[in-house]
Each structure stands twice: as structure tokens, then as C-alpha cells.
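J.: Before we start, here is the structure in question, set down as C-alpha cells.
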Amino acid sequence: MSSWCSYISDISRDVYSTMLRPGLRNLPWDPYTEMPSLEGRVIAITGPTSGIGLEAAKRLALSGAKTLFLLGRSEERLSRTVSVLEEVQFASGDKKYTTKIVPVRCDLSSVKSVRGAAKRVREEEELLDVLLANAGISGGSGYSEDGLEMQFATNCLGHHILIQELLPNLRRAASAGLTSPNSQRNQDTTRIVLLTSGAHAWCSEAALSDPGGGIGTFNAMHLYGRSKLGNLYTARRLAQSLSTSDRPEDRAITVAAVHPGGIVSELGRESAFFTKYLSPMVLWPVAPWGVSTLLWAATAATRKEAHGQYLVPWCTPAEPSTIARNEKLQEHVWAWCEEQNAKLAQE
């Protein structure tokens, strides 16, 4: 079985590389040639140690940004990632790439850890121009240290709270772009981008009655879809809230949700069969496809193109599923996240 699967996987990879890939190189926006300079800006990304997050971090390390915060669970993996990014900068041969790379331990499944990470970012920098909520887990089941279903706690609630904790820094960056626009900041450069997935459509309305529960009632992939729907709800609700705010700096913050496409990553690492044999046949490589829509939304799209949008491959706004457009459910999930944020702050 193993040798047969390896044979099929190798054949599919060869066919893809020699016949299909050359004809699929024409992205509408290429992050390797078209990403603008981010000189002087401050960026934070979650999940930077593998997959889409690592490739995005490599590009951001060569963007001219002032500071790049790497928020991840494992200090060891963060340390390795810092070394990789510093090697990327050195290998470029260009001394202008001096972005300060700051690793910050952040376990998104733990509200305490999220708050600690946000505090570290706030202490290090007064402004934050771009927040990429990229991290995610898939598969498996269990509860977080706060007693919530692990996938929703990590993928949705953790990012929801991180955004709220860093909103003051984002507001200051947006305000600077409004009051003193220059080549580094203007009214269109402050961004919050959340990674979602087409899997959001897998979620049922019943699974949203208690976003922090459902273990034993719904399978792991259903719960994964719920967490990605939560990210989409967060992006859409936050975009609406900021757009109608009385504060000019709020109205200058762009918020988008990005579905990167079916990309080779570690999300399915619990499934050795899928990761080893099937993913080369059915998934796109991280570079350049996996990061194209994400980095376009974060650095190049106009506010009109990205704000409040569900962006899909490649760099295209699309209408999400029916359940994602249900504003009653959206408000319910948003209120639940806010309630958990307030409740867990007191513990």
C-alpha cells in the first residue's frame, strides 16, 4: 500500500511540475515581484513558523518594514524561524533589508498567553500597521486550558482577543497615516487580515449555538469549519463596526478575510496518509500561490478592493456561503467572543 501510494504521489508531482505548473504561473498579483515597500511600518503575524505563515514572513522580512513580530506557540520553532529570516535577509545581498525580527510566544488557545503576547507587542512598538491573523489548527479534538473547544479557541477566539488587544496600536498607526501622510503611512495602509477557508461552509447553524462546545456532537472537520466561519464573522463584523465608527482612524483601518486556496501546509499533519500521499496531488504549493491573496490584501489592495471582503484565489472578492452572510448568527458569535473576552479577563 505504501509503495503504491508513493508511486502515485511521485507521478502526480512530476505531471504537475512539468505540465501544469508552467501554465499556472500567471497570478494577477505576484508577491515576489509586485509587493510594495513597507518601509518604516510595523507588522505582526501569527503562525509564522511553517506553511503560509513562514513564506509570508520571508516576504515581509524583505519588505523594508521597521519591525516584524512573529507570534507563535513554540519558542524553539520561533527561534529557528528567526534564523531562517535572517538568512533570507543576508542572502538577498541588500543591506537595506534591516527589518527587526521579534519572536513573541503566543498560544492562541490560551487567553492568558494571547494577552501576554499583545502586551509584549505594545511595549515594543507604539504603532502597528498590519496584523496578519494567519495561525490555525485543524483536526483532533479536546479542550483548551480555558475549557473551550480547541479549534474554535485557537483559530477564532484567540485572534478575536488579539485584535481587540492590539486595536489601540492599529488606531495610532491609522491616525498617523491620516494626520501626517507620507511614503511610509497614509490613509490606506493600516490592515487587519484574517485567514479563513472555504471550509467555513461546512458549519451548521446548530454548531453555533455554543461556539465553545460541540465535542462529541460534531466531528473534527465540522468544528474546523466552524472556527473558520468564526474568522469570517470576525472580519465582517469588525469591518462593519470600524466603518460606522465616529473615529476617523477607525474608518481608515481595512479589514479583510482571506481564503488562501487549497495549499500544502501542516494543518492536516495529524493525518500522515493525507500529508504524505494525497496533498502533492490536490494542493497548491505555498510559494507563490499560498501567500498571494494574503499578502495582496495586507500590502497592495486598495481599501475599496479589500475592506469587508471575503477574498479568494487569486486576489478576488467573492460572496461567502449562505451561513456566512447570516448577520443574526454573525452577531451571536461576535457577542459570544466578547463575552468570553470579558469573562476570562476576570479569572
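J.: Looking at (1) of a type outside the set (D, E); (2) in contact with a strand residue (DSSP E or B) (Cβ under 8 Å, 6 or more places away or on another chain); (3) more than 21 Å from A318 (Cβ to Cβ); (4) at pLDDT below 65, which is the only condition W284 fails?
T.: Among (1) of a type outside the set (D, E); (2) in contact with a strand residue (DSSP E or B) (Cβ under 8 Å, 6 or more places away or on another chain); (3) more than 21 Å from A318 (Cβ to Cβ); (4) at pLDDT below 65, the lone unmet condition for W284 is (3).
J.: Among the residues of region 143-172, write down those that are surrounded by fewer than 24 Cβ atoms within 10 Å (Cβ to Cβ) and of a type in the set (S, T, Y).
T.: Y143, S144
J.: Could we say that R120 is basic (K, R) and either modelled with pLDDT under 95 or touching a Ser or Thr at 6+ places or on another chain (Cβ under 7 Å) (or both) here?
T.: The answer is no for R120.
J.: Please state which one of V84, V114, V88 is among the aliphatic types (A, V, I, L, M), in a helix (DSSP H, G or I), surrounded by 23 or more Cβ atoms within 10 Å (Cβ to Cβ) and modelled with pLDDT of 95 or more.
T.: V114
J.: Go over the candidates V102, V88, V84 one by one and state the one that is touching a residue at least 12 places away in the same chain (Cβ under 8 Å), of a type in the set (A, V, I, L, M, F, W, C) and in contact with a Lys or Arg (Cβ under 6 Å, 6 or more places away or on another chain).
T.: Exactly one of V102, V88, V84 is touching a residue at least 12 places away in the same chain (Cβ under 8 Å), of a type in the set (A, V, I, L, M, F, W, C) and in contact with a Lys or Arg (Cβ under 6 Å, 6 or more places away or on another chain), namely V88.
J.: Name the pairs whose Cβ atoms lie under 9 Å apart, with the first residue in region 40-64 and on the phi > 0 side of the Ramachandran plot and free of Cβ contacts under 8 Å to residues at least 40 places away in the same chain, the second of a type in the set (D, E) and in a loop (DSSP other than H, G, I, E, B), and 6 or more positions between them or separate chains?
T.: G64/E39
J.: Please tell me if L162 is more than 18 Å from K66 (Cα to Cα) and touching a strand residue (DSSP E or B) at 6+ places or on another chain (Cβ under 8 Å).
T.: So L162 passes the test.
J.: Just for region 184-206: of the residues that are under 15 Å from A300 (Cβ atoms) and among the polar types (S, T, N, Q), which one is modelled with the lowest pLDDT?
T.: Per the criteria, the residue is N186.
J.: Another one. Would you call G268 at pLDDT below 95 and in contact with a strand residue (DSSP E or B) (Cβ under 7 Å, 6 or more places away or on another chain)?
T.: no
J.: Yes or no: region 195-202 includes at least one residue that is in contact (Cβ under 8 Å) with a residue 24 or more places away in the chain and farther than 23 Å from S109 by Cβ.
T.: yes
J.: Something else: Does V104 satisfy the criteria of being outside any strand (DSSP E or B) and in contact with a strand residue (DSSP E or B) (Cβ under 9 Å, 6 or more places away or on another chain)?
T.: So V104 fails the test.
J.: Report, by residue number, each residue of region 52-77 that is closer than 19 Å to A91 by Cβ and among the aliphatic types (A, V, I, L, M).
T.: L54, A56, A57, L60, A61, L62, A65, L68, L70
J.: Are any residues in region 49-71 in contact with a Lys or Arg (Cβ under 9 Å, 6 or more places away or on another chain) and either surrounded by 24 or more Cβ atoms within 10 Å (Cβ to Cβ) or not small (G, A, S) (or both), and if so, which ones?
T.: T49, A65, K66, T67, L68, F69, L71
J.: Moving on to the next point. Give region 230-264 a look and list any residue that's in contact with a helix residue (DSSP H, G or I) (Cβ under 8 Å, 6 or more places away or on another chain), assigned to a loop (DSSP other than H, G, I, E, B) and either without any contact (Cβ under 8 Å) to a residue 12 or more places away in the chain or hydroxyl-bearing (S, T, Y) (or both), or say none.
T.: S245
J.: When residues of region 177-219 are filtered for being assigned to a helix (DSSP H, G or I) and either out of contact with any strand residue (DSSP E or B) (no Cβ under 9 Å at 6 or more places or on another chain) or not hydrophobic (A, V, I, L, M, F, W, C) (or both), how many remain? Lay out the reasoning, then the answer.
T.: Of all residues in region 177-219, those assigned to a helix (DSSP H, G or I) come to 177-179, 198-202, 205-208.
So of that shortlist, the ones also either out of contact with any strand residue (DSSP E or B) (no Cβ under 9 Å at 6 or more places or on another chain) or not hydrophobic (A, V, I, L, M, F, W, C) (or both) come out as 177-179, 198-202, 205, 208.
Final tally of qualifying residues: 10.
The values are calculated or read from the model by the stated rules, or taken from the named source; none is laboratory data. Given the structure is predicted, the values throughout are model-derived calculations rather than measurements. Counting neighbours? That spans all protein chains shown, and the Cβs are built from the backbone with ideal geometry, glycine included.
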